[in-house]
Amino acid sequence: MKLATLNDGTRDGQLLVVSRDLKTAHVADGIAPTLQAALDDWGFIAPQLADLSLLLNEGRARRPFDFDPARCMAPLPRAYQWADGSAYVNHVELVRKARKAEMPASFWEDPLMYQGGSDDFIGPMDDIMLAHEEWGIDFEAEVAVVTGDVPMGATPDEAHGQIRLLMLANDVSLRNLIPDELAKGFGFLQSKPATSFAPVAVTPDELGEAWRDGKVHLPLRSTWNGHLVGQPDAGTDMVFNFPQLIAHLAKSRRVRAGSIIGSGTVSNKDVSRGYSCIAEQRCLETIAEGSPSTPFMRFGDSIRIEMLDEKGKSIFGAIDQTVKRLEP
C-alpha cells in the first residue's frame, strides 16, 4: 500500500491512503489519524489500511479525492529518529580520493552513519529556504526506510522484519560548512538543514521483485534545472543493505517505531549513470582535472528526485523543489 500525509494545518498532518497509480487518495479517518499513530500499532492498524487501499485501487472506496502532492507534508513530518548511513562506499571513496586522503579498510566492513535532525522535515514540493548561496548548496538523492520497534542488538535478519515502509529523500547538504564542522570532531549540524521526502511512503511489497536482499533495485533519477544528471541503480554498489544499516544503529540502543534510516547518496561505480549529488561530480572533476568545474546550487535552481518502476510509472511521487533565499 501507499501512504501520505495531508497538510491540514497541524504539526503531524492527516494520514492518507493513496492509490497505486498516485491519482486518488482517501483519508484514513476511523483507522489512524497520523502515520506515526499507525506505526505505533502497526500489527492492528496496517491490515485496516490495506483493506482501504484495496477498495481505493478497485474504485470502491466511499470518499476518494484527487491526490495532489503539493498538499502533502513529508510522510512523517517529524520523526523520533533520522539516522543517515553511507551505504554506497564508492561515493565515500571518491570524496576521499579527491582530497588525496586514504580510504580506511574498515569503511568496507563498518557503515558510516550520522544522526540528523528529525524534528522538522519538509514536504516534497516545499522550497529549500537558505540564507546564503556561499554555503555550497547541494542535493543528495537517497532511499530511506521507516522501521517498527527494533530491539537492541538485533541481527540484520531481525531488523529486516521491522522494515515497514520505504521512501525517497533529499538530504540537503551545505558543502562549504562541512569541513569546519567535521574538524571539530562532533559531526554534522549546521551543514545539514531540513531533509525533504517524496510525498508517498510505500510498503515493500509495492516494489515487487525490485525489493530484494534488503535493497531497492531500480534507478533513482535526479533532474537539476530540467536536466537529468543522474540515474544510478539503488541496488547496484550498495555495500550495506538496509537490514545491516538498521542493525548497525541498534548495536547499543533500541530503535523505536517511526525511525527513519537513510541509505546515503545513491552512487554507482559506472560514471555513465551520472550522479545523485553535485559533490560527487565535483570529486570526479577534481580527480581528472585537478579542480572542480560544476558549481553548487544557486537561488532559483530546481531539483527533482523520482523513482520509476519498470513500466515508467512513478512509485513514490516526486520531490520537486526550488532553492530560495531566506529573507530576514
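The values are calculated or read from the model by the stated rules, or taken from the named source; none is laboratory data. Bear in mind the structure is a predicted one, so any value in this text is a computation, not a measurement. Positions of Cβ are backbone-derived with ideal geometry, glycine not excepted, and every protein chain shown enters the neighbour counts. Please note that ligands, DNA and RNA were not included when accessible areas were found on the heavy atoms of the full protein model with its side chains. Shrake-Rupley method; radii C 1.70, N 1.55, O 1.52, S 1.80 Å.
Listed values, structure above:
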{"read-out": "Qualifying residue in the range 156-164 (condition: assigned to a loop (DSSP other than H, G, I, E, B) and surrounded by fewer than 17 Cβ atoms within 10 Å (Cβ to Cβ))", "value": "yes"}
{"read-out": "Criterion (in contact (Cβ under 8 Å) with a residue 24 or more places away in the chain and loosely packed, with under 15 Cβ neighbours inside 10 Å) met by exactly one of 204, 151", "value": "151"}
{"read-out": "So residue 285, is it over 17 Å from the mean Cα position of the chain (by Cα) and farther than 21 Å from residue 171 by Cα", "value": "yes"}
{"read-out": "Of the criteria (1) of a type in the set (Asp, Glu); (2) in a strand (DSSP E or B); (3) more than 17 Å from the chain's Cα centre (by Cα), which one residue 134 fails", "value": "(2)"}
{"read-out": "Pairs where the first residue, in the range 173-189, is at pLDDT 95 or above and the second is of a type in the set (Lys, Arg), C-beta under 8 Å, 6+ apart", "value": "173/192; 174/192"}
{"read-out": "Matching residues, the range 268-289, being polar (S, T, N, Q) and assigned to a helix (DSSP H, G or I)", "value": "272, 281, 286"}
{"read-out": "In the range 81-113, the residues that are out of contact with any helix residue (DSSP H, G or I) (no Cβ under 7 Å at 6 or more places or on another chain) and surrounded by 16 or more Cβ atoms within 10 Å (Cβ to Cβ)", "value": "81, 82, 84, 88, 90, 93"}
{"read-out": "Lone qualifier among 304, 254 - being open to solvent by 60 Å² or more (accessible area, probe 1.4 Å) and either under 16 Å from residue 172 (Cβ atoms) or in contact with a Cys (Cβ under 9 Å, 6 or more places away or on another chain) (or both)", "value": "304"}
{"read-out": "Unmet criterion (only one of (1) open to solvent by 50 Å² or more (accessible area, probe 1.4 Å); (2) farther than 22 Å from residue 319 by Cβ) for residue 28", "value": "(1)"}
{"read-out": "Check on residue 239, in contact with a Ser or Thr (Cβ under 8 Å, 6 or more places away or on another chain) and β-branched (Val, Ile, Thr)", "value": "no"}
{"read-out": "Selection count where residues are polar (S, T, N, Q) and under 14 Å from the mean Cα position of the chain (by Cα), scope the range 161-209", "value": "4"}
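Results for (1) in a loop (DSSP other than H, G, I, E, B); (2) of a type in the set (Gly, Ala, Ser); (3) in contact (Cβ under 8 Å) with a residue 60 or more places away in the chain, shown as yes or no for each residue.
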| position | (1), (2), (3) |
| --- | --- |
| 3 | no, no, yes |
| 15 | no, no, no |
| 21 | yes, no, yes |
| 26 | no, no, no |
| 36 | no, no, yes |
| 44 | no, no, no |
| 47 | no, no, no |
| 51 | no, no, no |
| 54 | no, no, no |
